[in-house]
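Peer 1: Can you read through this structure? Questions will come right after.
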């Protein structure tokens, strides 16, 4: 690519985009070493606007799950695009995709589609409120359920009233959730992520008693249990992330990796909530576009045929074991938390994340794109060869970090 650079694009963007960039993709939030603009992806690799190549351990912040420009997904999307995308109504593929989800997910008797994870969590809450006639939503403190005022405190341009019906509890603390339910008294839904993946903090697996306890609490108070599988969905268990606990939600929100980068989200639900779901007026001009639905169908079929979660667990285990050995050899105490397919690494005694930022920047310089305060993502395109290439870069980054800080 010629005629532009990351710096020139930033300069141009600053003139026509507020702040030059916004939201979680704003590279200014990540450190000076991070590129802002990217021009190409292939498999497990990305190239930025300056032509630098990276092993991509962020998977575009989650959406890429079977490899950038996966041939089968791209072919399915192209075939649908050739017929039409945004038409007067959805294409037949909407029915096929909904049937696939109902067949695959034990807690799904129906599916509704939208475009973003925030759409899906908000839509799920609307269904719960329509079903119960109640207003309150219980959410874990610090949990991220999207970028709407109801679920993200402190957003500029919002009012406290928009958060007034959200009551917090402590993740993995069932007594806290029960106390929150007692305080709220008017609970429509309990929304919960499959594991605690708050930014800037070590990740935390859900405890089985907590998961089962929330299911029992929702049943006892007549509220809907909503699992926000937007971030974890399709990587841990294709049936739903809490299926291994034997915990089935009333509603599940899906997005991110659902279509390997094509924009789509979904809510799936149990038959008892079908009627309330029918009463919603929840729509968007592009929610029924067929191309992303075709891509989603192909993506999910690939994951089912190849046992995608097992492939990603293998890659994640190889990465985690390699990083642990490297850190020990360079004299660093680290923590690796969360599922191996949705990993995060932090340094001991690093409250300001100074080491983490320095190490992540050094990884970038070695051709490995990961993040110092947000969890990473793996894909089925992360073969042994790709993981080993990434580990070459992370090892060199540990060496640079030791030269700057010394060993722990």
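Computed from the coordinates by the stated procedures, all read-outs in this text should not be read as laboratory data. Because the structure is a prediction, the values reported are computed rather than measured. Virtual Cβ from ideal backbone geometry, glycine too; neighbours counted across all protein chains shown.
Peer 1: Using a Förster distance of 45 Å, how high is the FRET efficiency between residue 4 and residue 175, based on the Cβ-Cβ distance and rounded to 0.05? Show your work: numbers first, answer last.
Peer 2: Numbers: r = 56 Å, r/R0 = 1.24.
Computed FRET efficiency for residue 4 and residue 175 comes out at 0.20.
Peer 1: Let me ask you something else. Going by alpha carbons, how many degrees (0 to 90, nearest 10) lie between the helix axis of 208-221 and the longest principal axis of the chain?
Peer 2: With both axes taken from Cα atoms, the answer is about 30 degrees.
Peer 1: In whole percent, what relative contact order does the range 71-306 give with Cα contacts below 8 Å and a gap of six or more residues?
Peer 2: Working: 442 pairs, mean separation 76.6, N = 236.
It comes to 32 percent, rounded to a whole number.
Peer 1: So if I average 1/r over every pair of distinct C-alpha atoms in the range 141-234 and take the inverse, what Kirkwood radius in Å does that give?
Peer 2: Details: mean 1/r = 0.0713 Å⁻¹.
For the range 141-234, the Kirkwood estimate is 14.0 Å.
Peer 1: Taking Cα atoms, how many degrees apart are the long axis of helix 117-132 and the longest axis of the chain, rounded to 10 and kept between 0 and 90?
Peer 2: Tilt of helix 117-132: around 20 degrees.
Peer 1: Given a cut-off of under 8 Å on Cα pairs at least six residues apart, what relative contact order in percent is computed for the range 358-408?
Peer 2: On the way: 33 pairs, mean separation 26.2, N = 51.
Taking the mean separation of contacting Cα pairs over the length of the range 358-408, I get 51 percent.
Peer 1: Let me ask something additional. I need the calculated FRET efficiency for the pair residue 156 and residue 110, taking r as the beta carbon distance and R₀ as 51 Å, to the nearest 0.05.
Peer 2: Values: r = 36 Å, r/R0 = 0.71.
Efficiency computed from Cβ-Cβ geometry: 0.90.
Peer 1: Based on alpha-carbon centroids, what's the gap between the range 238-286 and the range 172-225 in Å, whole number please?
Peer 2: 18
Peer 1: Principal axes first, then extents: for the Cα atoms of the range 71-306, list largest minus smallest coordinate on each axis, whole Å, largest first.
Peer 2: 54, 37, 36
Peer 1: Just to confirm the number: angle between the C-alpha axis of helix 92-104 and the first principal axis of the chain, 0 to 90 degrees, nearest 10?
Peer 2: 90
Peer 1: On to the next question. Between residue 78 and residue 280, what is the label-point separation in nm under the 7 Å Cα-to-beta-carbon projection?
Peer 2: According to this spin-label approximation, the distance is 3.4 nm.
Peer 1: Multiply the residue separation of residue 11 and residue 102 by 0.36 nm, subtract the distance between their alpha-carbon atoms, and state the gained length in nm to one decimal.
Peer 2: Residue separation times 0.36 nm, minus the Cα-Cα distance, leaves 28.0 nm.
Peer 1: For the peptides 296-302, 397-403, 120-126, what is the packing order when you average, over each peptide's residues, the other Cβ atoms within 10 Å and list the highest mean first? Working shown, then result.
Peer 2: Numbers: 296-302: 23.4, 397-403: 17.9, 120-126: 26.0.
Listed from highest to lowest mean packing, they are 120-126, 296-302, 397-403.
Peer 1: Using a simple spin-label model with points 7 Å from Cα along the Cα→Cβ vector, what separation in nm is obtained for residue 385 and residue 95?
Peer 2: Between residue 385 and residue 95, the label points sit 4.3 nm apart.
Peer 1: When ranked by the protection proxy of mean other Cβ atoms within 10 Å per residue, highest first, what sequence do the peptides 283-295, 223-235, 305-317, 242-254 form?
Peer 2: Numbers: 283-295: 20.3, 223-235: 27.2, 305-317: 17.5, 242-254: 23.0.
Listed from highest to lowest mean packing, they are 223-235, 242-254, 283-295, 305-317.
Peer 1: Now for a different question. Given a Förster distance of 25 angstrom, what is the FRET efficiency for residue 392 paired with residue 50, based on the Cβ-Cβ distance and rounded to 0.05? Working shown, then result.
Peer 2: On the way: r = 21 Å, r/R0 = 0.84.
After rounding to 0.05, the efficiency reads 0.75.
Peer 1: Place the peptides 84-91, 323-330 in order of packing, highest mean first, counting for every residue the other Cβ atoms within 10 Å and averaging per peptide. Mind showing how you got there, number by number?
Peer 2: Values: 84-91: 12.6, 323-330: 15.9.
In decreasing order of mean packing, 84-91, 323-330 become 323-330, 84-91.
Peer 1: At 10 °C and 1.306 mPa s, grab the translational diffusion coefficient of the chain from Stokes-Einstein with a Kirkwood Rh over Cα pairs, rounded to a whole number in µm² per second. All intermediate terms of the calculation are to be shown ahead of the outcome.
Peer 2: Numbers: Rh = 22.2 Å.
The estimated diffusion coefficient comes to 72 µm²/s.
Peer 1: When the helices in the chain are scored as -39500 (n - 2.57) per DSSP H run of 4 or longer and the sum is shared across all residues, what 222 nm value do you end up with, to the nearest 500 deg cm²/dmol? Numbers along the way, then the final one.
Peer 2: Details: 11 runs with 157 residues, N = 408.
Counting only the DSSP helices, I get -12500 deg cm²/dmol.
Peer 1: Averaging sequence separations of C-alpha pairs under 8 Å and six or more residues apart, then dividing by the length of the chain, give the relative contact order as a whole percent. All intermediate terms of the calculation are to be shown ahead of the outcome.
Peer 2: Values: 768 pairs, mean separation 89.4, N = 408.
Value for the chain: 22 percent.
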